[in-house]
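The values are calculated or read from the model by the stated rules, or taken from the named source; none is laboratory data. Predicted model only: the values in this text are computed from it and were never measured. We place every Cβ from the backbone using ideal geometry, glycine too, and count neighbours over all the protein chains shown. Surface accessibility is based on the protein's heavy atoms, side chains included, excluding ligands, DNA and RNA. Shrake-Rupley method; radii C 1.70, N 1.55, O 1.52, S 1.80 Å.
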Amino acid sequence: MNTRGRNMRLRILYTVGLILVLGLVRLPAVAAEQPAATPAEVVIIGHPHITDELARDDIKQIFLGRVTRWKNDTKITFVLVDEPALYEVFLKAYVDKTIYQYTNYWKKQVFTGKGRMPKTFDTSAELIEFVASTEGALGFVTPQDTLPETVIRLTIIEK
Amino acid sequence: MPQNIRIIGWMCLLTSLVAGLVPAAEMATDWGTLEIHGFLSQGYLKSFENNMFAGTRDGTFQLNEVGLNFATDLTDRLHAGLQFFARDLGRLGNNEIELDWAYADYRWQDWLGLRLGKLKIPYGLYNETRDLDMLRVHIFLPQGLYGEAMRDISLAGQGLGLYGYLPFGLNYSMLLVETSIENNSSMAQYMEEQASAKLLGVEAGYLWSGQVEWNLPVEGLRLNASIQRFDLHMLYRITEETSWAQDWLPVGTEFKYHLNDMTSVNLALEYTSGRFLLAAEYEYEEVETSNDLDPASREKQGGYYGALAYRLADWLEIGTYYHVFYPDLDDRDGQTFGAPKYAAWQKDLALTFRIDVNDHWTMKVEGHGINGTALFFARDNPDGLQEDSYLLALKMTYNF
């Protein structure tokens, strides 16, 4: 390898190393910036006819499209709400992904033909109305959202 | 490039630049149950020392992809869709529109589904998404594992597949397809260069593929194992450039060359935690080669890479990988490979900055420092190949 090439590789390596060191130094600060989301900050709601018991991992599998039917063979329709703070907390608490990672996951499904982008509503009110009127539907809202009698709050069990 | 394709490409680019200001929901058209999505990429390549895929030493804009897909749910278990795709990478692709995938997907149960049609081949972490620039950090994937040379045989085929999601975080996919290789494809060009003879035709047998993925109880960690197998049969003609045969075979002689039982195995790991991503893959490939002229022999090639990525901010991600590939695992230092020795390997260090302007618009800047010339196309470098080369790649992608 000539000297010019070796110097170029060294420059690239030093730059990469510097960036990684800076990134590692920043990691604890970044971690501190992200408050741990808890299930208590999010309420899972569903259509009144849902009777299945759900654990946290079941919610994850549903929202990743890996489980698509309830035990009575009704189709599961999960929906999202485009309220960033709530959305981020839900994904952190149940799906273990950031908004970016979750969006990319579904883009992969769409652009390889394996799925469709999840239905997303602008407001919790619209989401609640959809869940109330759609057999097998479930979504998420804040604990402060008022729930009509046409939806149920799903209890998440420990497994 | 045909002028009409160029015009369409610029129209799409201008439309996407304007549409970049428009939220996604307004761009994806939902006609009843029909969804339409698409993407458009345009890039620039500039290399130093060696040309890569095109005249990159002079700089080139011959790097772009366009895709458009349509999908619908026919019933609550049956899903169908198709995607058109065109790309240009130097001499390869040239924006010829092709059917990327088109299939019906019947999901009888979550643990068993059936797909029929033109299917993407699941292999490694990124084979199914290798043309989807917006889904990864890097512009170019490690070429030894996702190289242009083998793209046409390993990307997609027509046939059937089975898939399913199992307990304990397992999922599987297997398929049996027929692939076709055009004489002007990247794989055909690579095989022509390897033989230094004119390729008259390629016949691909059935390809079968299997993949198992395990999402471990450790959050963010997944393991992936893939295997695929196929046969290839080529018909060549000796030309005046076929230096290895000039002493004993007249120009114009035709001979057959076979790649029998070409089997590839890939083991992969990916770990994501918050803003951090770690990925590593190892691939091993073995094939029996035979022809009209020499006894059959077995050849082995393989490679690996390790990659790191970190999202510094919502709009900025940085990634790097180091990749090594050997076209002959029994001769990693080129002692018996032939001249030059550095054709016996490729070692590539890449660094990428990804900028997310918004959910639909991505820009990337990437640099490569490459040692070794394995997988380089000699026809792009008629003056010979240098041991070390460098590549700067810029790319912008819009998706909706």
Worksheet item: Which ones in the range B:310-345 are buried (at least 21 other Cβ atoms within 10 Å of the Cβ) and within 14 Å of chain A (Cβ to nearest Cβ)?
Response: B:Tyr310, B:Arg311, B:Glu317, B:Gly319, B:Thr320, B:Tyr321, B:His323, B:Trp345
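Going by the structure shown, is A:Gln61 assigned to a helix (DSSP H, G or I), at the interface with another protein chain (Cβ under 9 Å from one of its Cβ atoms) and either touching a residue at least 24 places away in the same chain (Cβ under 8 Å) or not hydroxyl-bearing (Ser, Thr, Tyr) (or both)?
Judged against the criteria, A:Gln61 is a match.
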Fill in: Subset tally (residues that are in a helix (DSSP H, G or I), within 12 Å of another protein chain (Cβ to nearest Cβ) and open to solvent by 30 Å² or more (accessible area, probe 1.4 Å)) for the range A:87-108
8
Response to the item:
(1) at the interface with chain A (Cβ under 10 Å from one of its Cβ atoms); (2) more than 17 Å from the chain's Cα centre (by Cα); (3) surrounded by 16 or more Cβ atoms within 10 Å (Cβ to Cβ) all hold for B:Asp100 apart from (2)
Item to complete: Among the candidates A:Gly115, A:Gly136, single out the residue that is in contact with a Gly (Cβ under 9 Å, 6 or more places away or on another chain) and closer than 22 Å to B:Tyr163 by Cα.
Response: A:Gly115
Worksheet item: What do you reckon, is A:Phe111 of a type in the set (Phe, Trp, Tyr), within 24 Å of B:Arg77 (Cα to Cα) and open to solvent by 30 Å² or more (accessible area, probe 1.4 Å)?
Response: no
Worksheet item: Does B:Lys395 qualify as being within 13 Å of chain A (Cβ to nearest Cβ) and either over 29 Å from B:Glu286 (Cα atoms) or surrounded by fewer than 21 Cβ atoms within 10 Å (Cβ to Cβ) (or both)?
Response: no
Worksheet item: Pairs, please: C-beta under 9 Å, at least 6 apart or cross-chain, first residue basic (Lys, Arg) and in the range A:131-159, second open to solvent by 50 Å² or more (accessible area, probe 1.4 Å) and assigned to a loop (DSSP other than H, G, I, E, B)?
Response: A:Arg153/A:Leu147
Worksheet item: With respect to the numbered conditions (1) in contact (Cβ under 8 Å) with a residue 12 or more places away in the chain; (2) farther than 17 Å from B:Leu45 by Cβ, which one is the sole condition not fulfilled by B:Gly147?
Response: (2)
Worksheet, complete the sentence: The residue that is nearest to the other protein chains (Cβ to nearest Cβ), considering only those in the range B:67-86 that are open to solvent by 30 Å² or more (accessible area, probe 1.4 Å) and within 20 Å of B:Met134 (Cα to Cα), is B:Leu82
